[in-house]
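The values are calculated or read from the model by the stated rules, or taken from the named source; none is laboratory data. Everything numeric in this text was worked out from a predicted model, so none of it was measured. We place every Cβ from the backbone using ideal geometry, glycine too, and count neighbours over all the protein chains shown.
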Amino acid sequence: MKLGASYFGNRTLKHVRTDMEKMINDGCNSVVHTMSEHDITYHSQTMVDIVKVSREVGLEVFLDPWGIGRVFGGESFSTFVKLFPEARQKLSFAEGEINVNKACINSRAFREKMSQWVEHAASTGAEGVFWDEPHLFYGEFTELFAKTKIIWGCTCNTCKDIFKNCYGYEMPLEFTDQVMEFRQETILNFLEYLSDISSQKGLKNAVCVFPISEPKYGIYQWEKLVKLKNIDIFGSDPYWFAYKENVNDFVEKVSREVVRLCETHNKEPQIWIQGFRVPEGREEEVSTAIKTAFDSGVRNIAAWCFEGGACMTYISSDRPEIVWNKISKEYKTLQQQ
Ligand SMILES: [Zn+2]
């Protein structure tokens, strides 16, 4: 049984130690530490120390490329997109084109950046890496009195060349079936690249996809990702508050699908529980979500994030302490099973 939470917002080692000890006391045996562009630039040794402290107290450690290139989940800025403007994702539409502050995951410069990140992750002594919500730009734009337009990335020259090689014709502007397929293949190819290099360095690979398998989210045929050779842990994050869904139905539906695919391909299923932006009075739903994931066969449960998001205004729950207490209580109950 793996029970964990993500941790960020603090780089003072003595406080990290106190918090990691608290995580153990509160029923966790696993932690995902975020490791952003800021961290690898300014906290490189600190991250090594943070992983060491976490492992010393008895936690399994995964590292998360938090917001790197703005193509993974995470509340973190990217310097990469400023330093390598030509490696940003391009959006094209009839009126023109723009580059957005997200890296193109087909670009050589970004792959090089990620390979350095993996190198550093391996040097910390962490057990694994956690690829969280890798995605491409997708937006819907409605002009006055006009049809809604779908605007999607990436349409840069590198992506255009790859598209033409695959399909034998120029990449269209519309969000066609081939475009959906191409975007999915782009993310799969990126994750295969990342998981292969991490695996070579002895790191386990966990991946988390958005909980809705629709083309706009990038990967809509989850099985293709689960099947990748070096993906060890496959999961999703049915954040019912964020998607305005019913906790039972949503967590159960996503958990069962994740478990089904993992059983078929002999991978470990993981489910993330929404422990951030929990509205006042609805904290009990967090307990329900944990129980539901467990009852659906998931034995690797993680909460985003430690202490209900108290360290960050943007994602804090209304009453973070109550949220964390619920998580801790459920984890301790599950540990007995
Ligand atoms: Zn591109």
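The table below gives the values:
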read-out	value
Any hit, the range 78-87, residues being on the phi > 0 side of the Ramachandran plot and either surrounded by fewer than 21 Cβ atoms within 10 Å (Cβ to Cβ) or within 16 Å of the ligand (Cβ to nearest atom) (or both)	no
Residues located in the range 154-201, provided they are β-branched (Val, Ile, Thr) and touching a residue at least 12 places away in the same chain (Cβ under 8 Å)	THR155, THR158, ILE162, VAL179, THR186, ILE187, ILE197
Set THR186, THR158, THR124: member being within 13 Å of the ligand (Cβ to nearest atom) and farther than 26 Å from ILE212 by Cα	THR158
Count - residues of the range 223-246 that are among the hydroxyl-bearing types (Ser, Thr, Tyr) and either outside any strand (DSSP E or B) or over 17 Å from the mean Cα position of the chain (by Cα) (or both)	2
Unmet requirement for PHE175, which otherwise passes all of (1) outside any loop (DSSP other than H, G, I, E, B); (2) more than 15 Å from the ligand (Cβ to nearest atom)	(1)
Check on TYR239, closer than 18 Å to ILE301 by Cβ and of a type in the set (Ser, Thr, Tyr)	yes
Qualifying residue in the range 14-32 (condition: hydroxyl-bearing (Ser, Thr, Tyr) and under 20 Å from TRP272 (Cα atoms))	yes
Number of positions in the range 310-337 that are touching a residue at least 24 places away in the same chain (Cβ under 8 Å), out of contact with any helix residue (DSSP H, G or I) (no Cβ under 7 Å at 6 or more places or on another chain) and not in a helix (DSSP H, G or I)	6
The listed residue being among the acidic types (Asp, Glu), surrounded by fewer than 18 Cβ atoms within 10 Å (Cβ to Cβ) and assigned to a helix (DSSP H, G or I), out of GLU263, GLU280	GLU263
Which listed residue is farther than 21 Å from ARG183 by Cα and of a type outside the set (Gly, Ala, Ser), from VAL251, VAL226	VAL251
Tally, over the range 240-256, of residues that are in contact (Cβ under 8 Å) with a residue 40 or more places away in the chain and of a type outside the set (Ser, Thr, Tyr)	8
When residues of the range 131-155 are limited to those that are aliphatic (A, V, I, L, M) and assigned to a strand (DSSP E or B), the one nearest to the ligand (Cβ to nearest atom)	ILE151
Number of positions in the range 2-25 that are under 15 Å from ALA303 (Cα atoms) and out of contact with any Asp or Glu (no Cβ under 9 Å at 6 or more places or on another chain)	2
Verdict on ASP249 being part of a helix (DSSP H, G or I) and either away from the ligand (no atom under 16 Å from the Cβ) or under 30 Å from VAL286 (Cα atoms) (or both)	yes
Yes/no for GLU185 being closer than 26 Å to ALA122 by Cβ, charged (D, E, K, R) and outside any loop (DSSP other than H, G, I, E, B)	no
Candidates ILE219, ILE212, filtered to the one that is modelled with pLDDT of 95 or more and either of a type in the set (S, T, N, Q) or surrounded by 21 or more Cβ atoms within 10 Å (Cβ to Cβ) (or both)	ILE219
Members of the range 283-337 that are of a type in the set (A, V, I, L, M) and more than 19 Å from the chain's Cα centre (by Cα)	VAL286, ALA310, ILE322, VAL323, ILE327, LEU334
So LYS52, is it touching a Lys or Arg at 6+ places or on another chain (Cβ under 6 Å), touching a residue at least 40 places away in the same chain (Cβ under 8 Å) and farther than 30 Å from SER296 by Cβ	no
Complete set of residues in the range 88-101 that are aliphatic (A, V, I, L, M), within 14 Å of the ligand (Cβ to nearest atom) and in contact (Cβ under 8 Å) with a residue 60 or more places away in the chain	LEU91
